[in-house]
Each structure stands twice: as structure tokens, then as C-alpha cells.
Amino acid sequence: MASYPYSSTSSSDISTPRSISPSSSAGRSSQSSVSNINKRMSISSSRRISAANPMSSVDIATIEEAMRMANLDTMRGYTQNTPGEVRQHATTEYLTQNQALGYQVLNEPLWNKGLSFTPEQRVHKNLTGLLPHVMEGADKQTERALKVIRTRQTSIDKYLYLSNVKSNNVDLFYRLLIDNAREMMPLVYTPTIGDVCLQYSTLYTRPEALYISIKQRRSIRTMLRNWPYPNPEICVVTDGSRILGLGDLGVNGVGIPIGKLALYTAAAGIHPGKTLPIVLDCGTANETNLKDPLYLGMRSKRVSVAEQQTFMDEFMEAAAEVFPNMVVQFEDFESEKAFNYLDRYRNKYKCFNDDIQGTGAVVLGGYIGAVNLSGVPIEEQRLVFMGAGSAGVGVAKQLVEYYTKRGLSEQAARDKFWLVDTKGLVTKDRGDKLAEHKKYFARTDNNGHQFRTLEEVIEYVKPTALVGLTATFGVFTESVVRALKASVDAGGLGRRPILFPLSNPLTKAECTFEQAVTWTDGTVIFASGSPFSPFTAKTGDGHAVTYHPNQGNNVYVFPGIGLGAILAKAGRVTDSMIYTSAAALAGALNADEIHKGLIYPRIERVRDASLVVAREVMKAARRDGVSMLPEAQWNEWEEWGDPALEKYIKEHIYDPVL
Ligand SMILES: O=C([O-])CC(=O)C(=O)O
Ligand SMILES: [Mg+2]
């Protein structure tokens, strides 16, 4: 196998895209338009492609059988309704970059270097005449792209442009994203990605993920093997049932795995050819989608929890068999399923849940810094959580662990938390059937009294911190925020309230940054899930003061957790690997950030933070005995310390060169 062009990639067998043949063109169409596919097909028949197996790969008998069974209605996507297994010829050989020529190189986004090809490369790869005269480095090409992006009027248009760059020239896309993180991340991730998911049926131009429907459950292995890049190392999978705070979007939720994986590459340097986005299509409860003639998923109600569970078991088993080295990140499953799957698979497979564990870790990471700034000693902290779903409970549990590690009993730690949901304070005697995951935090000290509103809870608890994970815009009203401030003020002079409206995207945030600053007279310690802009206010004496918000988003931890798990060759993702990621993040602030009163590193430094997180996650994997790296390797790092381990990480990450 030819070596891959990126000198800093993690392994010698890294992504050499599958041979460009009629069959694999169909699989690879994620990277190309229909006309490109046609070009590839004609190229593949005329060019010498020694490694290719040009056979059409779907088993003909199976197709005929499927077509016989299909009525006109189900003709559309017949394989989706084929109950039997769709068998294919195994195509395990991949065209190497050295074998590819001319348009094949330009049409492969992982190989295309745009205008950076040198004159020698242009000759060697049969590119002469296929590119304009100039030769440009990264600077010029990113300058051109930025110019276009900045003239596009809407975030969606900017997203579409960027997505187009990604499908042509992966290195250029990641250069843009890495070097302009503050401007680009909100475009490829929250908040824009929320709008993209809402409109995905109409925005769709090309596949960018694996779409696996429950009707194809017998063919999961085949579909996984159809993925054009070998040996993925990280997969983000969703069933679309709770996309950000936007609810059930069905297959349109696929934007989330795509976006999160772009961040795996941008923030942690996992090679783009080693990432695998998957959406599991189990139907949807979203009536708008079901009625939309352009909806792209299965047009049926969501299957039962039990049915999906069996499908999920099959998926996890198949994924571990086909890609044994791959870490699986569960993303945006509705709460009950999220907890069930994590419980069910965490001791069997390499997996973690970003909404429960990633959000938990990132909030803990920020909370540690926030407590230091608040002037309220950790023992006196009292936390109200608005929202008791996967994220709310996940965060609260991570914080309980923090308190117990600091010497509190579990009971005493748990007593610091008051969780509120749509029915009010979560108590044991509330009279409704509590979801399993809420029971741990159900209060018993309410003397039979039920507190139905957030205002009542604040009045009763007198919290020092208020965390929002409700997916409801504006639930932190002026009276709520002022009551929080009053309860903190009552504790003594100079104390500051901690306020984290964490729901995504911005349209679901519990309050805005401006509101938080205004209603607390500028004393707030603030973090939101999606990024708010700085806010400038006039003080009483007429001076302008600019306040800087924090973005408490899991992007600060999940890329590092995944990278750490991969590089440590961890057999499992343990609790202490997750916990460690939070502590590592808290320790990743530099002097300037601490001086500015920030509780998260600036987003421009997310790669630095991920490196620290990955390093500590690797060490935790080693401590927990789940790292499968050779003993001698660990001994060496233990002898030489963190710099040696960091050097190893840096040598194994992707940094696009144009
Ligand atoms: O995607 C994000 O920005 C954070 C997250 O996991 C969610 O809101 O579900
Ligand atoms: Mg999520």
C-alpha cells in the first residue's frame, strides 16, 4: 500500500480511497456530483486501474428477487425494503494515490491539493492542463475561500460553500477551519448545523455519511464495508431522535455526526479519512418530516424502543466486527435510549456518549474554574439544574464525582443538586412515574411540598449556580436570574453567580449573554453551549465595558477523549478517562486566559486543549489497565514524562499541508 501524502498521519495504512470503479463510484459518491461519478466511470474503464475490481458488486439474484417483491411504491430504494441480506463481492483493494492519475486525483478530496500541486507533481500525475497556471500555497487558497465566505449573506450559504470545499479539497477545508476557528466553527457546527439539520431534505446534494435503516438490518456489515476509506478509527452515530435541542429530526440529524467529526479533525487532528459518520434510520416522530415530500429517510413512525434496541445490538456487533479498532461516540439519542445504550455497551465495546459524558466533562471542566472565580467556597455551592435529560443528569453526575473526589460522601455530594424538569422539582413523592435516569437525583427532603416552577425552586434552594439544559429558549427569565443573583449576594460581598444556559443551538439557549450580564449587573460567570458574541455595556459613570462569554461546549473534550482512546489503543472508555478529561481541560487554561477571567481556553486554542485532554485520557487508560499499547512504550513515557507523550501525540495527528 502506498504511503499517504501527509507526513504527520497516524499509521502507515492510512486512507487510500477505494478503487475508482463503477461499483465503488456509487459508494464514493459522497465526494462527488453525479457528473463526477460519470466521469469516474468512464475514466475507470479507459485507464489502467490495476487494483480495482470493476465488477458491479450487488448480487444480481438478490436485486431481482427484491424487485420481484417490490410494488411500485417500494421500487424507490428497493434494497431498503429487502428483508434478506444484500450480498456483495468483497472489494478490499484500494486504488493508491500513486496509481491514480489526472482527474482521479483531483476528484478525490483526500488527494486533491488544489492549486498547490508543484510543476513536477502536475507532470507526474498527468495534471498538466487540468489546472490553471498558478501555483499557490495554503495562504492564497484560504484567502480566496474566506473572501467568498465573507460575502455570503446567510450562515447556511456559508456552510454550503464550506461543505463544497470539503468535498473537493479536504486539506483546504481543514486549513480554513483550524486557522479561523472562531469564525468557521459556528458554521460547520452549532449553531448553523442545527439549521442545516432542519433543512437537510432540501439542502441535500450528496451523501456524506453512512445511512443505515432498520429495514436493512441484515446488511449492516455490507454497508459498513461499503464505506470507501479503510479502517476508520472514530465513528459518531445518531438515530436523530434528539438533535441538539431541536427534537426528533429523523435521518436529517445526520448533520450532527458530520459536524462533530469535522471537529474531531479540526480540534484533535484525527485524520479525516479515519472518521465515519453514521445515521441509523429508525423512522421519525417528526410530522413535518413525514409530510415533507422531499424527506430523505424512511417515511414511517419511529419503531418501538424494544425493536430499536435489537437493531442497536446488531449494529454495535457488526461495527466491532468490521472495524475492530473504531471508537464509537453516541450522539443525540433521546435521553432514555442514551442512558440505556451507554449502560448496555460501555463494558462490551469501545464507546461513550457525548451528551451524557462529554457534556458532563466539559461542564465540570468549566465549573472548576467558575467556582474559583465565584468567591463562593466549594462547600457552600448549591446547584439548581433546569432540565433533567441525558445532558442534565450526565452533568450533575460528573459534578457529584468531583465532590466525592474532594472528600464529600456520595450522599452529601448528591444533596448539592436540585434537578427541575417540566413538572417542577424532581422529588420522590411527586406522584408521577420518574424516568429511571432521574431517580438518582430525586429529592426526599421536600417535606411533601412540591415546587412546580423554577422561581419557586430558586426561592426555596437559594442556589449559587444555575445550569440550563432544557432546550427551551428564555426559561431563565429576568426574575429567575435576579433571584439567583440575590441569593448569591446574600452570602457576602463580592460573590458572583454562576449561570450556564447550555442548550443548543442559540435559539434554544435559556437566556442570552446580554441578558445574563444586564440582570446580574455584570457579575455573572457565564457559559453557553453555542457561542454568543461579546457584549459591551455602559457603566454608571459612562464608561464602556466589554464582557466576554465562555462557550461551554463539548468540543473542548470529545475530540481529546476520542483521540486519547485511539492513541492509547484503549479497549474501553472508562469513567476515569472521562473524568480526567474534565480535570485536564480545567488545567489547560493559560495565564492570559486565567487573567481574563475565562473558564475555558479561547476557541483558537482548542487544539492545544485537546492535546492536553488526549494526553491525560491516555494516561487514565493506562491506569485503568485498558490501554493495549506495549508495556515498554508506557515505561518509556513514564521515564521521560509528559513531553515525550505529547511528542508522540503530535507525531500522530493530522495537520493539513497545502
Ligand atoms: O452539539 C453540541 O454543540 C452539544 C451537544 O452535544 C448537544 O447539544 O447535543
Ligand atoms: Mg449532542
*Scanning the range 286-302 for residues that are touching a helix residue (DSSP H, G or I) at 6+ places or on another chain (Cβ under 6 Å) and open to solvent by less than 40 Å² (accessible area, probe 1.4 Å), which turns out nearest to Ile653 (Cα to Cα)?*
Gly297
*Selection status of Thr507, open to solvent by 10 Å² or more (accessible area, probe 1.4 Å), touching a residue at least 60 places away in the same chain (Cβ under 8 Å) and not in a loop (DSSP other than H, G, I, E, B)*: yes
*Do we find a residue being under 20 Å from Glu336 (Cβ atoms), among the basic types (Lys, Arg) and open to solvent by 10 Å² or more (accessible area, probe 1.4 Å) anywhere in the range 220-234?*
no
*asked:* Between a residue in the range 358-370 that is under 14 Å from Arg496 (Cβ atoms) and open to solvent by 10 Å² or more (accessible area, probe 1.4 Å) and any residue that is away from ligand 2 (no atom under 16 Å from the Cβ) and among the hydroxyl-bearing types (Ser, Thr, Tyr), which pairs come within a Cβ distance under 9 Å, given they are 6 or more apart or on different chains?
replied: Gly369/Tyr600
*asked:* Which of the numbered conditions does Gln411 fail, given that it passes all the others? Conditions: (1) farther than 22 Å from Phe500 by Cα; (2) at pLDDT below 95.
replied: (2)
*Filter the range 597-611 down to residues that are open to solvent by 30 Å² or more (accessible area, probe 1.4 Å) and in a helix (DSSP H, G or I), then give me how many there are.*
4
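For the condition open to solvent by 10 Å² or more (accessible area, probe 1.4 Å), on the phi < 0 side of the Ramachandran plot, in contact (Cβ under 8 Å) with a residue 40 or more places away in the chain and within 16 Å of ligand 1 (Cβ to nearest atom), what is the one hit in Phe339, Phe330?
Working: Phe330 fails: open to solvent by 10 Å² or more (accessible area, probe 1.4 Å).
Among Phe339, Phe330, only Phe339 is open to solvent by 10 Å² or more (accessible area, probe 1.4 Å), on the phi < 0 side of the Ramachandran plot, in contact (Cβ under 8 Å) with a residue 40 or more places away in the chain and within 16 Å of ligand 1 (Cβ to nearest atom).
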*If only one of Ile594, Ile578 is within 25 Å of Glu401 (Cα to Cα), of a type in the set (A, V, I, L, M), assigned to a helix (DSSP H, G or I) and modelled with pLDDT under 95, which one is it?*
Ile594
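Have a look at Phe333, Phe311 and point out the one that is in a loop (DSSP other than H, G, I, E, B) and out of contact with any His (no Cβ under 7 Å at 6 or more places or on another chain). Show your work before the answer.
Values: Phe311 fails: in a loop (DSSP other than H, G, I, E, B).
Exactly one of Phe333, Phe311 is in a loop (DSSP other than H, G, I, E, B) and out of contact with any His (no Cβ under 7 Å at 6 or more places or on another chain), namely Phe333.
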_Among the numbered criteria (1) free of Cβ contacts under 8 Å to residues at least 24 places away in the same chain; (2) part of a helix (DSSP H, G or I); (3) open to solvent by 20 Å² or more (accessible area, probe 1.4 Å), which one does Leu115 miss?_
(1)
_Can you pull out every residue in the range 510-557 that is in a helix (DSSP H, G or I), open to solvent by less than 40 Å² (accessible area, probe 1.4 Å) and more than 16 Å from ligand 2 (Cβ to nearest atom)?_
Phe513, Ala516, Val517, Trp519
*Scan the range 147-171 for residues that are under 26 Å from Arg605 (Cβ atoms) and either open to solvent by less than 20 Å² (accessible area, probe 1.4 Å) or within 16 Å of ligand 2 (Cβ to nearest atom) (or both) and jot them down.*
Ile149, Leu162, Ser163, Val165, Asn169, Val170, Asp171
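Kindly indicate the residue of the range 420-441 that is among the basic types (Lys, Arg) and more than 15 Å from Gly389 (Cα to Cα) and also surrounded by the most Cβ atoms within 10 Å (Cβ to Cβ) among those meeting that condition. Working first, answer last.
Filtering the range 420-441 for residues among the basic types (Lys, Arg) gives 423, 428, 430, 433, 438-439.
After this cut, where a residue has to be more than 15 Å from Gly389 (Cα to Cα) as well, the list is 428, 430.
On the way: Lys428: 11, Arg430: 19.
Of everything passing the filter in the range 420-441, Arg430 is surrounded by the most Cβ atoms within 10 Å (Cβ to Cβ).
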_What are the pairs with Cβ atoms under 6 angstrom where one residue, in the range 544-564, is within 14 Å of ligand 1 (Cβ to nearest atom) and the other, located anywhere, is open to solvent by 30 Å² or more (accessible area, probe 1.4 Å) and modelled with pLDDT under 95? Sequence gap at least six, or different chains._
Gln551/Pro531
*Right, Phe352: in a loop (DSSP other than H, G, I, E, B), surrounded by 24 or more Cβ atoms within 10 Å (Cβ to Cβ) and within 16 Å of ligand 1 (Cβ to nearest atom) or not?*
no
*Residues that are more than 16 Å from ligand 2 (Cβ to nearest atom) and assigned to a loop (DSSP other than H, G, I, E, B), drawn from the range 491-504*: Gly491, Gly492, Leu493, Gly494, Arg495, Arg496, Pro497
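Being within 13 Å of ligand 2 (Cβ to nearest atom) and within 17 Å of Ser576 (Cβ to Cβ) is the filter here, so list the residues in the range 343-360 that pass it.
Looking only at the range 343-360, we keep the residues that are within 13 Å of ligand 2 (Cβ to nearest atom), and these are 352-360.
The answer is Phe352, Asn353, Ile356, Gln357, Gly358, Gly360.
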*Number of the exception - Asn340 against (1) in a loop (DSSP other than H, G, I, E, B); (2) more than 16 Å from ligand 2 (Cβ to nearest atom)*: (1)
*For the range 375-419, name all the residues that are polar (S, T, N, Q), within 16 Å of Leu466 (Cα to Cα) and surrounded by 22 or more Cβ atoms within 10 Å (Cβ to Cβ).*
Gln398
*Could you check how many residues of the range 377-409 are in contact with an Asp or Glu (Cβ under 9 Å, 6 or more places away or on another chain) and in a helix (DSSP H, G or I)?*
8
*asked:* If the requirement is being open to solvent by less than 10 Å² (accessible area, probe 1.4 Å), within 16 Å of ligand 1 (Cβ to nearest atom) and not acidic (Asp, Glu), which of these qualifies: Gly283, Gly273, Gly253, Gly245?
replied: Gly253
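Looking only at residues in the range 442-489 that are at positive phi and touching a helix residue (DSSP H, G or I) at 6+ places or on another chain (Cβ under 6 Å), which one is surrounded by the most Cβ atoms within 10 Å (Cβ to Cβ)? Don't jump to the end; show me each part of the working.
Pass one, the range 442-489, residues at positive phi: 447-448, 462, 471, 474.
From what's left, touching a helix residue (DSSP H, G or I) at 6+ places or on another chain (Cβ under 6 Å): 462, 471.
Numbers: Lys462: 15, Ala471: 23.
Taking the candidates together, the pick is Ala471.
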*Pull up the range 303-327, narrow it to residues that are open to solvent by 40 Å² or more (accessible area, probe 1.4 Å) and in contact with a helix residue (DSSP H, G or I) (Cβ under 9 Å, 6 or more places away or on another chain), then point me to the one that is farthest from ligand 2 (Cβ to nearest atom).*
Glu321
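For the structure I just gave you, tell me whether Ala486 is over 32 Å from the mean Cα position of the chain (by Cα) and away from ligand 2 (no atom under 16 Å from the Cβ).
Here the answer is yes, as Ala486 does meet what is asked.
The values are calculated or read from the model by the stated rules, or taken from the named source; none is laboratory data. On a predicted model such as this, the values are computed, not experimentally measured, just so you know. So basically every Cβ, Gly included, is an ideal-geometry build from the backbone, and we count neighbours across all protein chains shown. Heads up: the accessible areas ignore ligands, DNA and RNA and are worked out on the full protein's heavy atoms, side chains in. Shrake-Rupley method; radii C 1.70, N 1.55, O 1.52, S 1.80 Å.
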